[in-house]
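The values are calculated or read from the model by the stated rules, or taken from the named source; none is laboratory data. All values reported here derive from a predicted model rather than from experimental measurement. In this analysis, Cβ positions are derived from the backbone assuming ideal geometry, glycine residues included, and neighbour counts consider all displayed protein chains.
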């Protein structure tokens, strides 16, 4: 008598192919335990600036940012036009940069995990990463994206553990070169941060400390 292997899989007559709801429930529970906990909402001041950035972009292009890296190219275009506006009205940087920086920082926080410090003047703000030792001010990054110059006192550059700096510098030096216009754009900044986070995570995993996390207090 011929045997149709599909019968055992569909009807459950073959123990190896049988369906067990209990096993599936256990697998789902284990997956939920491994999944990272949802991040808390950003501070109110950050959320307000993110909303402003989304309004600015939607008003100009009739397309909405979605809070993910997928639409950062739209923010790039907004920054390019903000550069032109800043040449005519330098004061516009004070309005646009906080909104762009808060939005970019929140995209990064959602992507990699982190904690905002958003009190006082904007130059004091920081994004502290949770799973690697890394911090910077995204609003400083946004100012540099618009002015295309370094902004002293705005802490746009990454704060790293001194013992990890050489490896990070080597990793960044190996990245493809880009021109100045592209160098400061949000998508390029995200690419750089992604490379840094991946390098630091690989280093931590290799050292057996991949489960170590950081809070704001660790950066003080």
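For the subset of the stretch 98-125 comprising residues that are in a helix (DSSP H, G or I) and over 11 Å from the mean Cα position of the chain (by Cα), which member is nearest to residue 141 (Cα to Cα)? Let's see the steps before the verdict.
As a first pass, look at the stretch 98-125 and keep what is in a helix (DSSP H, G or I): 98-112, 122-124.
Still in the running and over 11 Å from the mean Cα position of the chain (by Cα): 98-102, 122-124.
Numbers: 98: 10, 99: 12, 100: 9, 101: 7, 102: 10, 122: 12, 123: 11, 124: 13 Å.
Checking each candidate, the answer is 101.
Which condition number in (1) closer than 27 Å to residue 205 by Cβ; (2) surrounded by fewer than 24 Cβ atoms within 10 Å (Cβ to Cβ) is the one that residue 122 fails?
Against the list (1) closer than 27 Å to residue 205 by Cβ; (2) surrounded by fewer than 24 Cβ atoms within 10 Å (Cβ to Cβ), residue 122 comes up short only on (1).
Filter the stretch 36-50 for residues that are part of a loop (DSSP other than H, G, I, E, B) and either closer than 19 Å to residue 97 by Cβ or in contact (Cβ under 8 Å) with a residue 24 or more places away in the chain (or both) and give the result.
Selection gives 36, 39, 42, 43.
If you check residue 153 against the conditions, is it at pLDDT 95 or above, assigned to a loop (DSSP other than H, G, I, E, B), in contact with a helix residue (DSSP H, G or I) (Cβ under 9 Å, 6 or more places away or on another chain) and on the phi > 0 side of the Ramachandran plot?
In short, yes.
Which of the residues spanning the stretch 51-65 are surrounded by 12 or more Cβ atoms within 10 Å (Cβ to Cβ) and not in a helix (DSSP H, G or I)?
Result: 64, 65.
Yes or no: residue 101 under 30 Å from residue 88 (Cβ atoms) and either in contact with a strand residue (DSSP E or B) (Cβ under 6 Å, 6 or more places away or on another chain) or buried (at least 23 other Cβ atoms within 10 Å of the Cβ) (or both)?
Answer is yes for this residue.
One line per residue, one yes/no per condition, for (1) at pLDDT 95 or above; (2) under 25 Å from residue 194 (Cβ atoms):
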site	(1), (2)
4	no, no
26	no, no
29	no, no
35	no, yes
44	yes, no
68	yes, yes
79	yes, yes
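Restricting to the stretch 183-216, count the residues that are part of a helix (DSSP H, G or I) and surrounded by 13 or more Cβ atoms within 10 Å (Cβ to Cβ).
Keep residues of the stretch 183-216 that are part of a helix (DSSP H, G or I), which gives 183, 186-206, 216.
If we keep only those that are surrounded by 13 or more Cβ atoms within 10 Å (Cβ to Cβ) too, we end up with 183, 186-204, 216.
So the count comes out to 21.
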